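Each remark here refers to the structure printed beneath this line.
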Amino acid sequence: MKNLNLNSVDELRKHYFNYVKKKNFNVNFTDEIFLKKYFTIIELFSQKPLTTQEQIFNELKFLNKRDLIFINEVIQNSELAQELILNSSIGKKYWNTIIPFAKNVGQTLKNEYSFPKRIALFPGVSCMFYCGFCGRDQKEKYPLSIVENSKKIFDKLFYEIPSSSALSISGGLEPLTNPKIGEIISSAKSNNIRVPLITNGYSLSDNFLKRNPGIWDLDSLRVSLYGVDSKSYKFTTTIDKSFEIVKKNTINFLKLRKNNNKNIKFGFNFIVIPENVDQLPKIIKLIREINEEAGDENGVNFLSLRDDYHSVTGNENKFDKNRKYKLNSKMDENVRHKLIEKLKIFETERLKFTPGLFVDYGYSLEALSKNFFDKSLLKVNYQQMRNKGFTQMSVAIDLYGDVFLFREAGFLNRSGNKKFIIGRITENISLEDIIKNFLASDQKIKFEYQDERFMDSFDHVLTSLVNQGELDKNFGIPFELGPILDRSKSKDINLGNNWYKN
């Protein structure tokens, strides 16, 4: 097996033969042919978590499903195999998403109601940036007159969210443009909801923090980093001095954090596109400068790196035309090979200058960071999308209270997004009402070419997970008979947007 030390291989081999002996199976399972299949399945799920049982059956030339089910059972009962697949593999970031939601696949396939495990809240009124990769209609903004009523709707929503579900605040549009954002955060916290927030940081000034003390009720604050200097920032956002303002706000926030809530985790998010691959090593220098100027011994706690935004949100010229600025580059294989080399330099710089910085590489970059070439992020096409979505797992909600099936659909008046709205929360209509009515109705979305652009990477993974569950079930080897124990057993998982830890 590749990427395994000899001790692990020996332990896995020993477990295999002991398990076969314990079960008193026919001697044919001691054949080296079956042992090889056992190792290959472990390796496949380590690298490609959404492989189906039918694919394995055909690729490994099993003669019957019974034999595959037994090999799966052997793997399920090996703690080492489970650890290697879920936590020590290049596919571990995919597994981080899959495991908390796998138990909901059955409900999703049956269109049974359960409260969404994750809610993305988009409370932003407008956005001052015109990022070249963003799919929003850049002319649109919400009327300020709805903010007060929206706050009441959100208060009601927070009261209804069970402890088993997680909430995140992002966009949509820039969340800090909502004058009630501090109160919204405090309302969520008062209902025992741990709140992470994503912002571009442009409005995070000293005066803003004084007007919105509820910001200090956050669990974590992640600032989207659109470059490493003035030139690169303007290239992405089109706004003069955006870099200087965000950097200044970041330093000020870290200085104030010590006295207001030292437990808030602060970090950056950097989206890797062809135009900024060379900037990766420079991020560490920027973080080091910020930490020194802030005088905070903890400083920036984490950095999340996200890969190839256009590959999942789309950038064809015939769509999303109402944009002032648009980047049309694509992350091809040559760029991805270059990215491997830049990530090596980045990691060297991190270990040297910011050894305490936690780095979340996201889905595909996890492989590249380990010098394992991965062509692209996992992606489905419009023909593979679920016409009832996966409301048991995730929905997005905007400032109007409109409930969207997918996250990239949640941009205000984005061309083509109306069909992804399944209802609107009001003082009299709850999120539960909307989802139950939608699931019970005959309403099915007819997907069209490039509708996958309305899903982000997370939505693509969940769609693939449900499709995998359906294919495995139809093939006759459902998750509970597959090789991954945690996909089928009940497990208490503290769900949340933990960018600052695994």
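Compute the acute angle (0 to 90°) between the alpha-carbon long axis of helix 32-47 and the principal axis of greatest extent of the alpha-carbon atoms of the chain; round to the nearest 10°.
Its long axis makes an angle of about 0 degrees.
Listed highest first by mean packing, meaning other Cβ atoms within 10 Å per residue, what order do 460-467, 102-109 come in?
Per-residue Cβ counts within 10 Å, averaged per peptide and sorted highest first, yield 460-467, 102-109.
Using only Cα atoms, tell me the angle between helix 457-475 and the longest principal axis of the chain; keep it within 0 to 90° and round to the nearest 10.
30
Quick one: helix 280-294 against the long Cα principal axis of the chain, what's the angle to the nearest 10°, folded into 0 to 90?
Its long axis makes an angle of about 50 degrees.
Give me the Kirkwood hydrodynamic radius of segment 118-369, using the inverse of the mean 1/r over all pairs of distinct Cα atoms, in Å to one decimal.
About 19.1 Å for segment 118-369.
Report ³J(HN,Hα) in whole Hz for each residue of segment 96-101, in order, from the Karplus equation J = 6.51 cos²θ - 1.76 cosθ + 1.60 where θ = phi - 60°; Gly and Pro get x.
Each residue of segment 96-101 in turn: 4, 7, 5, 4, x, 10 Hz.
Once you keep just the Cα pairs under 8 angstrom separated by 6 or more residues, what percentage relative contact order results for the chain?
About 22 percent, as a whole number.
Hey, can you rank 479-485, 369-375, 148-154 by average C-beta count inside 10 Å, highest first?
Averaged packing, sorted descending, gives the order 479-485, 148-154, 369-375.
Return the lysines within reach of LYS22: Cα separation strictly under 17 angstrom, same-chain partners fewer than 8 residues apart disregarded; answer none if there are no such residues.
Result set, ordered by chain and number: LYS14.
Whole-Hz Karplus ³J(HN,Hα) for segment 357-371, in order, using 6.51 cos²θ - 1.76 cosθ + 1.60 and θ = phi - 60°, x for Gly and Pro?
Residue by residue, segment 357-371 yields 6, 7, 10, 9, 7, x, 5, 6, 5, 4, 5, 4, 5, 9, 6 Hz.
Apply the Karplus parameterisation 6.51 cos²θ - 1.76 cosθ + 1.60, with θ equal to phi minus 60°, to every residue of segment 415-427 and state each ³J(HN,Hα) to the nearest whole Hz, in sequence, with x for glycine and proline.
Here the 3J(HN,Hα) series is 4, x, 8, 4, 5, 8, 8, 9, x, 10, 6, 10, 5 Hz.
Å³ per residue of the Cα convex hull, for segment 414-457?
102
Each reported figure results from applying straightforward, stated rules to the coordinates on display, with no laboratory input. The shown structure was predicted, so the numbers you read here are calculated from the model rather than taken from an experiment. As a convention, Cβ positions derive from the backbone with ideal geometry for all residues, glycine included, and neighbour counts pool all protein chains shown.
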